[in-house]
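Student: My structure is below; once you've seen it, I'll send some questions.
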Amino acid sequence: MDVNDIIKPENMVYSKTPVLTSTTMHYCPGCSHGTVHKLIAEVIDEMGIQEKTIGVSPVGCAVFAYNYVDIDWQQAAHGRAPAVATATKRLHPEKYVFTYQGDGDLASIGTAEIMHACNRGENIVVIFINNAIYGMTGGQMAPTTLLGMKTATTPYGRTKELHGSPLRITELLAQLEGTCYVTRQSVHNAASARKTKRAIRKAFENSALGKGTSFVEVVSTCNSGWKLSPVKANEWMVENMFPKYPVGDIKDL
Amino acid sequence: MAEKILMKGNEAIAHAAIRCGCDGYFGYPITPQSEIMETLMEEQPWETTGMVVLQAESETSSINMIYGGACCGKKVMTSSSSPGVSLMCEGLSYLAGAELPCLVVNVVRGGPGLGTIQPGQGDYFQACKGGGHGDYKMVVLAPSSAQEMYDFVDLSFELAFKYRTPAMILADGVIGQMMETVELRPMKPRLTNEQIIDKYSSWATTGKTPDRKQNVVTSLALDSIIHEQLNNTLQAKYRKMEEDDVRFEEIMCDDAEHVIVAYGCMARICESTVEMARKEGIKLGLLRPITLFPFPTNEINRLVPQLKTMMSVELSAGQMVEDVRLAVNGRIPVNFFGRLGGIVPSPDEVFEAFKKAINK
């Protein structure tokens, strides 16, 4: 089989979903954001809901998510995406509305908004990227930063005495009656990415069924913030992040 | 004949919202304006017009719900009072930066801090000079009756959509709590989703269809050239508002030698002061700015040559007076009288202060 055969449509084994734009991503090599964006775009494509989906992007590295997923987007103030999505969904009950938020956005400055949106059981999807660090601002401590972890604002490592313990907000949100599906996933290898895609699809399907808020945490890497190569970052995540943030479904009604 | 009902200014806001085709109200209780959401909840407009009403967890959240609704091209509003509006300033800056239309009602109380629940006008700077970060303005309307509370809801939405900008009704505790007869205007239906797509699909997040590019509502522009262009666009809108949408009312200004400038409840009180002065043969008039932004600068300019003095009367330590002085530009004395702490002065108290100032 030469190259002319390979490029024939009938021999195609993979193609990029058109819902993912061809814009070169600004993310660092090895960052999890790109993979999660792709999974969301594929789910939107496979469910045929491009015209009916509205995304709410955060403040943080993923502020530019709108450059990569070809749907209508609203760019929210830091932490406020769940409030923005609440009104959007209430005024457009027939639409699929999701927020895409990092750990600083969702678990620090936006705790009130995420708590109350989940408690009201807004029929939205929340994608929560937890890489235990502030990426865009240059590697400062996040609420999910592990004890002992060095960041720009914890140069000697996070301590419980000074900063409190890492916040497992996903477990907290699972306690609320408004959430119908709360899961923690990762995208560090093909198998985990496939599982995450299934979780995202399920979350979008729940939204259409009006079951309440679906929350998908993705334990992620931040190579630049962690100062590790992509491969090392994946290993570090499995060793250090997973014990604190174990993957799997926490709630599935 | 149109229906007239006795109601509070705050209740008038709620009825006007339902009847002018508002799509959604998102708010958080705070005195002295809680009747707005209470009336809406009692009326249950979701059963009739389909209007959404939701009590948010905070003012921060309310204003961001407004942001979401406005992104969709929907007619959305919130209301609050001074401390709550301070929390909304972040959101207002984002709304202005993202060029989104919406209505925010501020029934002003005394500040700073938790202040008092009595009436105040100390939020003039916050409303007219920005409040949040960055170079932005809002359309600011100052009602002085329950009827204007009602009528300015529709007018605010009209101006907000005309300029794609946040609009604010800057009322005060007196106007919010006072009961007057209000004429209910004819019902306007809410726009359908199809109508919204027709009118606003060039920018609103109505869902990306194959016939158009994606719509992204954002105030972010990291490229300096693009960001300066965005700012220039905003400034051009503000200049256009100053040209086309200044509103004011004048009482006995034609032959006036002195003019009091007052808005909201203070304009009502100063109207009586003008009558008192006229009885004593003093040619006093009243200029009542209805739009605080855009401010009636040109009208003050026009009046100055015939005047000996002007006086700004406010429930503040002197905020609007700065805009009056900018307009007068040193040509005649501009005096000021104000009370603080939620104290509303009587017409004779204003008259005494006026006489003292002109005889200085």
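The values are calculated or read from the model by the stated rules, or taken from the named source; none is laboratory data. Note that the coordinates shown come from a computational prediction; the quantities given were computed from them, not determined experimentally. Positions of Cβ are backbone-derived with ideal geometry, glycine not excepted, and every protein chain shown enters the neighbour counts.
Student: If I filter segment B:287-297 for residues that are more than 15 Å from the chain's Cα centre (by Cα), in the same structural domain as residue B:351 (by TED's automatic domain parsing) and in a strand (DSSP E or B), do I get at least one hit?
Tutor: Looking through segment B:287-297, at least one residue is more than 15 Å from the chain's Cα centre (by Cα), in the same structural domain as residue B:351 (by TED's automatic domain parsing) and in a strand (DSSP E or B).
Student: Would you check if there is a residue in segment B:309-320 being surrounded by fewer than 22 Cβ atoms within 10 Å (Cβ to Cβ), at pLDDT 95 or above and within 26 Å of residue B:115 (Cα to Cα)?
Tutor: Checked segment B:309-320: at least one residue is surrounded by fewer than 22 Cβ atoms within 10 Å (Cβ to Cβ), at pLDDT 95 or above and within 26 Å of residue B:115 (Cα to Cα).
Student: May I pose another question? May I ask you to list pairs of residues, at least six apart or on different chains, whose Cβ atoms are under 9 Å apart, with the first in segment A:109-122 being at the interface with chain B (Cβ under 9 Å from one of its Cβ atoms) and touching a residue at least 40 places away in the same chain (Cβ under 8 Å) and the second being buried (at least 24 other Cβ atoms within 10 Å of the Cβ) and assigned to a loop (DSSP other than H, G, I, E, B)?
Tutor: The qualifying pairs are A:117/A:124.
Student: Select from segment B:314-338 the residues that are within 21 Å of the chain's Cα centre (by Cα), part of a loop (DSSP other than H, G, I, E, B) and not small (Gly, Ala, Ser) and list them in ascending order.
Tutor: Selection gives B:315, B:319.
Student: While we're here: Being outside any loop (DSSP other than H, G, I, E, B) and among the polar types (S, T, N, Q) is the filter here, so list the residues in segment A:164-192 that pass it.
Tutor: Those that are outside any loop (DSSP other than H, G, I, E, B) and among the polar types (S, T, N, Q): A:170, A:179, A:183, A:185, A:186, A:192.
Student: Enumerate the pairs (first residue in segment B:27-49 and assigned by TED's automatic domain parsing to the domain that holds residue B:172; second residue anywhere and crowded, with 21+ Cβ neighbours inside 10 Å and among the charged types (D, E, K, R)) with beta-carbon separation below 7 Å, excluding pairs fewer than 6 apart on the same chain, so at least 6 apart or on different chains.
Tutor: Qualifying pairs under 7 Å: B:28/B:59; B:32/B:109; B:35/B:8; B:35/B:11; B:39/B:11.
Student: Restricting attention to segment A:216-253, report how many residues are in contact with a Cys (Cβ under 8 Å, 6 or more places away or on another chain) and either part of a helix (DSSP H, G or I) or within 16 Å of residue A:104 (Cα to Cα) (or both).
Tutor: 6
Student: Moving on. From the list A:113, A:161, A:94, which residue is at pLDDT 95 or above, charged (D, E, K, R), more than 21 Å from the chain's Cα centre (by Cα) and part of a helix (DSSP H, G or I)?
Tutor: A:161
Student: Sticking with this structure for a sec: What number of residues within segment A:62-80 satisfy the criterion of being at the interface with chain B (Cβ under 8 Å from one of its Cβ atoms), in contact (Cβ under 8 Å) with a residue 12 or more places away in the chain and assigned to a helix (DSSP H, G or I)?
Tutor: 1
Student: Still on this structure: Please name all residue pairs, on different chains or six or more residues apart, with Cβ atoms under 9 Å, provided the first residue is in segment B:203-218 and is over 14 Å from residue B:72 (Cβ atoms) and the second residue is among the hydroxyl-bearing types (Ser, Thr, Tyr) and surrounded by fewer than 15 Cβ atoms within 10 Å (Cβ to Cβ).
Tutor: Filtered contacts from segment B:203-218: B:212/B:202.
Student: If we only count helices (runs of 4 or more DSSP H) wholly inside segment B:133-205, which ones have 2 or more residues that are modelled with pLDDT of 95 or more and more than 24 Å from residue A:56 (Cα to Cα)?
Tutor: Passing ranges, in order: B:146-163, B:173-177.
Student: Can you pull out every residue in segment B:206-224 that is more than 30 Å from residue B:108 (Cβ to Cβ), within 12 Å of chain A (Cβ to nearest Cβ) and not in a loop (DSSP other than H, G, I, E, B)?
Tutor: Result: B:216, single match.
Student: Okay, moving on. Examine segment B:78-97 for a residue that is within 18 Å of residue B:190 (Cα to Cα) and touching a residue at least 24 places away in the same chain (Cβ under 8 Å), and state whether such a residue exists.
Tutor: yes
Student: Here are the criteria: (1) closer than 21 Å to residue A:31 by Cα; (2) more than 14 Å from chain B (Cβ to nearest Cβ). Tell me which single one residue A:105 does not satisfy.
Tutor: Here residue A:105 clears every test but (2).
Student: Looking at segment A:7-59 only, could you name the residues that are in a helix (DSSP H, G or I) and of a type in the set (A, V, I, L, M, F, W, C)?
Tutor: A:36, A:39, A:40, A:41, A:43, A:44, A:47 - these are the residues of segment A:7-59 that are in a helix (DSSP H, G or I) and of a type in the set (A, V, I, L, M, F, W, C).
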